[in-house]
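The block underneath contains the structure these notes are about, expressed in structure tokens.
The values are calculated or read from the model by the stated rules, or taken from the named source; none is laboratory data. For clarity, every value in this text was computed on a predicted model and none was experimentally measured. In this analysis, Cβ positions are derived from the backbone assuming ideal geometry, glycine residues included, and neighbour counts consider all displayed protein chains.
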There are 2 protein chains.
Amino acid sequence: MPIASPKHALDPALLALGIAIKALRKTHGISQEELAHRSHIDRSYMSSIERGMQNPGVMTVVQIAAGLGVSVAELAAKARL
Amino acid sequence: MPIASPKHALDPALLALGIAIKALRKTHGISQEELAHRSHIDRSYMSSIERGMQNPGVMTVVQIAAGLGVSVAELAAKARL
């Protein structure tokens with residue numbers, strides 16, 4: 001189980017990002033496991049990101065957006081960031 | 001001097017983000033020092049981000065976008081991410 005970001009876990013921006021990732025994932029009918037695979041990241045880390053517990057780096061966000069088939073800008077707009 | 005991200009330094013996405021931050025900063029006539037101050041991050045770290053040497057976390061990107069007075073979505077779109 002990945003350790004939550006001690007400094008930023010559950011920050012509103014990270015919660016919003018996680019909710020947006022989950023919503024887009026569901027819209028596309030992709031399981032969390034499949035999205036983690038497409039994004040080349042660990043499933044439990046993906047789960048932790050979706051729950052707003054992580055402060056992922058830009059590269060991870062780029063990979064997740066690619067896994068969802070959207071741009072980072074679209075993902076950020078969905079999260080209202 | 002901040003240590004460059006060993007894994008991701010100079011990745012095209014990070015270079016594009018750095019270029020976009022610098023371009024928006026110049027458009028707004030803000031010095032790097034002023035943007036670092038507004039974004040609550042260290043000036044040398046800001047410089048390193050603008051040169052694509054860092055893989056900043058989402059929270060840092062949120063702070064920089066706020067410092068520039070744009071949304072993360074606008075910043076990501078500017079960087080074509």
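Data overview
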{"read-out": "Any hit, region B:9-22, residues being at the interface with chain A (Cβ under 8 Å from one of its Cβ atoms), charged (D, E, K, R) and farther than 21 Å from A:L14 by Cβ", "value": "yes"}
{"read-out": "Hits in region A:1-18 - residues which are surrounded by fewer than 16 Cβ atoms within 10 Å (Cβ to Cβ) and in a helix (DSSP H, G or I)", "value": "A:P12"}
{"read-out": "Single condition B:V62 does not satisfy, out of (1) in contact with a helix residue (DSSP H, G or I) (Cβ under 8 Å, 6 or more places away or on another chain); (2) at positive phi", "value": "(2)"}
{"read-out": "Lone unmet requirement of (1) closer than 25 Å to B:A20 by Cα; (2) at pLDDT below 95 for A:A20", "value": "(2)"}
{"read-out": "Given (1) outside any helix (DSSP H, G or I); (2) modelled with pLDDT of 95 or more; (3) closer than 19 Å to B:A76 by Cβ, number of the condition B:G29 does not satisfy", "value": "(3)"}
{"read-out": "Residue in region B:32-44 that is nearest to A:A9 (Cα to Cα), counting only those that are in contact with a Gly (Cβ under 7 Å, 6 or more places away or on another chain) and in a helix (DSSP H, G or I)", "value": "B:R38"}
{"read-out": "Residue that is farthest from B:S71 (Cα to Cα) [pool: residues in region A:19-28 that are touching a residue at least 24 places away in the same chain (Cβ under 8 Å) and exposed (fewer than 15 other Cβ atoms within 10 Å of the Cβ)]", "value": "A:H28"}
{"read-out": "Qualifying residue in region B:44-64 (condition: over 11 Å from the mean Cα position of the chain (by Cα) and more than 25 Å from A:Q63 (Cα to Cα))", "value": "yes"}
{"read-out": "Filter result (among the hydrophobic types (A, V, I, L, M, F, W, C) and within 14 Å of another protein chain (Cβ to nearest Cβ)) within region A:25-44", "value": "A:I41"}
{"read-out": "Single residue of A:I30, A:I49 found to be over 18 Å from B:N55 (Cβ atoms) and among the β-branched types (V, I, T)", "value": "A:I30"}
{"read-out": "In region B:45-78, residue surrounded by the most Cβ atoms within 10 Å (Cβ to Cβ) [restricted to those that are more than 8 Å from chain A (Cβ to nearest Cβ) and not in a helix (DSSP H, G or I)]", "value": "B:Q54"}
{"read-out": "Flag for A:K26 being out of contact with any helix residue (DSSP H, G or I) (no Cβ under 7 Å at 6 or more places or on another chain) and charged (D, E, K, R)", "value": "yes"}
{"read-out": "Residues (surrounded by fewer than 17 Cβ atoms within 10 Å (Cβ to Cβ) and of a type in the set (V, I, T)) located in region A:29-44", "value": "none"}
